[in-house]
Structure formats: structure tokens, C-alpha cells
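For reference, the structure is listed below as C-alpha cells.
Taken together, the values in this text are just the output of simple stated rules run on the coordinates, not laboratory data. Model, not experiment: these values are computed from the prediction. With ideal geometry, Cβ positions are generated from the backbone for all residues, glycine too; neighbour counts draw on all protein chains shown.
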């Protein structure tokens, strides 16, 4: 699928809903869990609050802040009329005029901060939500997004290799995180979401601190670079020094659970079945208590700063999987004997099932103490 084909799908959905205009909105704060309808419609990731107005005739107006970012937007979105603005609500009012407001819908409103949302609500008080329309159309990835996900995965794996090369006792978590982010930035990542922590018995994965690595620590790294706004993620576990036989055994169990989840991900299968397959492996070994809240809620999630479809790998997600969906499978698990362990791969759903994008899937690693 191409970007143009996705846009045609959105336009067809607009015509079915009898919409004259669709107003996509984003506050410019990009986060792994926050979808971006402006990116879905235009392919653009803004520096500040932005709006994209897609009309039923196929024309697009992209409103960006700050105003000086209009040049970059024009270069990246030649199909759109670009408006640089200092005030997103005022510029959007001028762009819409009075006529297009009657049959307009909005996407992204519930993700906006209140000081922006209130002004948009005043401008479009009766506009229904088009979140489902936009994000359902983006449930599968375009050819370009798949290529970007592959490149982001390559960068993530090279970043992880760099971590293994430099992680040593005495180095702080923050120093390791900075080195890792810089390495991936030099390799071409345009953004990165990174959780990295260490300890002899981790309760969860969390952002780095100034704590220094010690012999016997277990390093947890959730590495998530993006390329052109498309995220990929790998979850890895590293031991500083010797890994105990028990840790090796328990990590192999978590990897087996992940493999079963990957095997269960087939076209037409509800996402809940992927989660159920992962849980079944751990429940069979006596860890049923730790397979549900408050210990864990999901076994993966969608990937991308545009759309998060197909959503969480969770028991309450009945989304049917389709070819060209990309998502994360990570049976990250707390076990009382070893603490929290990270293990996960980005996968592309193909007609034959889920295909990990990584060249090498998760395995317990060690670094010298």
C-alpha cells in the first residue's frame, strides 16, 4: 500500500460519512503511546501544534507552528498547501472559513492539551470524532513505513551491540543511556524512546538514573528508535558478569513464551490470542499470578508515531490481525526468582504469519565484570 492509496481510503470513508472536511490535530509532543492523525494524513511530524485539513475533493491544507517550520513542511509535503502560523486555532479558523465547518469532523482531539482543545471546540462545537475513521485507515503500514521500520530495527540492533561493547561496572545508567542514544542518532534515528535501568533484582523497566552499574546487575533495555516517524523496538536483558543457571533457565522460559506468541500471530487471528499464547507458557510453569494486573497488562503494542493500530497485545483486544500490520511482541515478565526480564521483537504480519524484523532475536547476554 502507498501513502496515496491510504489517503484514498480515508476519502472514501469521509464520503460514506458525508463529511466535507476532516480536521486532524496534534500538539507537537511526540510520544510512543500517542497517535498522530496529522502524520497519517500528511506524513509530516511537526515541531509544534499542527493541523491538517483534508477536504472531500482530496485537497489538503497543512497548518504548522512555529511559522518558520513552513519551509520544511512544504519540502516534505508537496501535495499540501502549507500555512505557517503562530497561533494554531486562529490559523485553522481562517483556513476553514465558515462553509466547511458544518460538515467537518476532528481527529486527535482527545490527545490535545486543554488549552488547545478548548479553542478548537469553540471553533468546531458540533464536530464529531473521526479518530476511528483515520486510524482504522492506517491500521496497516504503507510500503514506505515498512521500509522505515526495517531501518529503525537495524539501528536498534546496532545500538544494542554498542551497549554490549561499552557497558561495564562503574558506568552510570545515565552515561550508558546517553551513549546509546547518541550512537543511534549518528546511525540515522530521528527520535528515540529509551528505557534503561539495572539492578540485581529489577521490579520493572524504567528510565535511567545516576546509579552506577555493579557486578551481578541485570541491565534492562527497551530500545525504540524511529526513522521518518516510524518506530521499531527491541527489548533486551544483559547480565554484568556471570549469569546464574537459574537466570539462564528463566530467561529461556520467557523467550519460549515470546516464540509462542509470534507463532500465534496469524492473519485473521484476534490479537487477544497472541497474548493468550504467551500467558499459557508462563501459566503452565506456575506463574499465572504474574500474568495479570497489577503485575502486567499487555504483551506488546502497536508501533508508529502516526497510528498505534493494531493496538495492545492484550486479552481485551479483539482486533483481527491483517498482513502489513507492524507491532511489538514482548512478554516482559516479573518472576520472583530473578526479577523483571525483558524480551521482545518488532514483527511484520505477512500472509504466512508474524515475521520478526530483527536479524537476531532476544537471547540473554553478558558483559565483562
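How far apart, in nm, are two points set 7 Å out from the Cα along the Cα-to-Cβ line at residue 90 and at residue 75?
2.8 nm
Note the full-extension length gain between residue 31 and residue 122 as 0.36 nm times their separation in residues minus their Cα-Cα distance, in nm to one decimal.
Residue separation times 0.36 nm, minus the Cα-Cα distance, leaves 30.1 nm.
With labels modelled as points extended 7 Å from the Cα through the Cβ direction, what inter-label distance (nm, one decimal) is found for residue 337 paired with residue 214?
Inter-label distance under the simple model: 2.4 nm.
Add -39500 (n - 2.57) for each DSSP H run of 4 or more in the chain, then divide by its residues: what number comes out at 222 nm, to the nearest 500 deg cm²/dmol?
Rounded to the nearest 500, the figure is -10500 deg cm²/dmol.
Between residue 285 and residue 256, 0.36 nm times their residue separation minus their Cα-Cα distance comes to what?
Full extension from residue 285 to residue 256 adds 9.3 nm.
For 329, 116, which order do you get if you count the other beta carbons within 10 Å of each Cβ and list the fewest first?
Listing 329, 116 from fewest to most nearby Cβ atoms yields 116, 329.
Please report how far the C-alpha centroid of the stretch 1-49 lies from that of the stretch 291-369, rounded to the nearest whole angstrom.
26 Å
I'd like the orientation of helix 3-16 relative to the chain: the angle between its Cα long axis and the longest Cα principal axis, in ° from 0 to 90, rounded to 10.
It works out to around 60 degrees.
Percent relative contact order of the chain, based on C-alpha pairs within less than 8 angstrom and at least six residues apart?
It comes to 16 percent, rounded to a whole number.
On C-alpha positions alone, give me the angle between the axis of helix 143-166 and the longest principal axis of the chain, in degrees, nearest 10.
30 degrees
With labels modelled as points extended 7 Å from the Cα through the Cβ direction, what inter-label distance (nm, one decimal) is found for residue 186 paired with residue 201?
Inter-label distance under the simple model: 3.9 nm.
Could the peptides 122-133, 212-223 be put in order, highest first, of the mean number of other beta-carbon atoms found within 10 Å of their residues?
The densest-packed peptide leads the list: 212-223, 122-133.
Which angle from 0 to 90°, rounded to the nearest 10, does the C-alpha axis of helix 245-264 make with the longest principal axis of the chain?
Here the helix axis deviates by roughly 40 degrees.
With a ≥ b ≥ c the root eigenvalues of the C-alpha gyration tensor of the stretch 118-183, is it rounded (a/c under 1.5), prolate (a/b larger than b/c) or oblate?
Judged from the Cα gyration tensor, the stretch 118-183 comes out oblate (a/c at least 1.5, b/c at or above a/b).
Can you tell me how the stretch 321-369 classifies by the Cα gyration tensor, rounded, prolate or oblate, using a/c under 1.5 as the rounded cut?
Oblate, because a/c is 1.5 or more while a/b does not exceed b/c.
Return the FRET efficiency for the residue pair residue 316, residue 360: r is the Cβ-Cβ distance, R0 is 22 Å, and the value is rounded to the nearest 0.05.
So, using R0 = 22 Å, E works out to roughly 0.10.
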